[in-house]
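First up is the structure itself, then whatever we jot down about it.
The values are calculated or read from the model by the stated rules, or taken from the named source; none is laboratory data. Predicted model, so just to flag it, every value in this text is computed and none were measured. As a convention, Cβ positions derive from the backbone with ideal geometry for all residues, glycine included, and neighbour counts pool all protein chains shown. Quick note on the areas: whole protein, heavy atoms, side chains included, nothing else; ligands and nucleic acids left out. Shrake-Rupley method; radii C 1.70, N 1.55, O 1.52, S 1.80 Å.
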Amino acid sequence: MSKSKISVPEAKAAMEQFKMEAANEVGVNLKQGYNGDLTAKQAGSVGGQMVKKMIEDYENKIK
């Protein structure tokens, strides 16, 4: 299974910040580094929140 790699250091830092913000919004306590102790529900809620925010941002830009 291949993982996506972000090659631009600034983009990687921005995505980490974005992930932390999304986790905070849904009440999931993320820590820097490994978060393998999260449940699938917690990880899914973080990812879902990130997608929701990206869609909202896109919709606001096309208006």
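Contact map, region 5-30: residues that are more than 13 Å from Ala43 (Cα to Cα) paired with residues that are of a type in the set (Val, Ile, Thr) and surrounded by 12 or more Cβ atoms within 10 Å (Cβ to Cβ), Cβ distance under 7 Å, separation 6+ or inter-chain. Pairs shown: Lys12/Ile6; Met15/Ile6. In region 37-46, how many residues are exposed (fewer than 13 other Cβ atoms within 10 Å of the Cβ) and either among the β-branched types (Val, Ile, Thr) or touching a residue at least 24 places away in the same chain (Cβ under 8 Å) (or both)? Adding up the residues that qualify gives 1. Please determine whether any residue of region 17-36 is open to solvent by less than 80 Å² (accessible area, probe 1.4 Å), of a type in the set (S, T, N, Q) and assigned to a loop (DSSP other than H, G, I, E, B). Looking through region 17-36, at least one residue is open to solvent by less than 80 Å² (accessible area, probe 1.4 Å), of a type in the set (S, T, N, Q) and assigned to a loop (DSSP other than H, G, I, E, B).
If the requirement is being of a type outside the set (D, E, K, R) and at pLDDT 95 or above, which of these qualifies: Gly33, Gly27?
Gly27
Only residues that are aliphatic (A, V, I, L, M) and either over 10 Å from the mean Cα position of the chain (by Cα) or part of a loop (DSSP other than H, G, I, E, B) (or both) were counted in region 37-49, giving 2.
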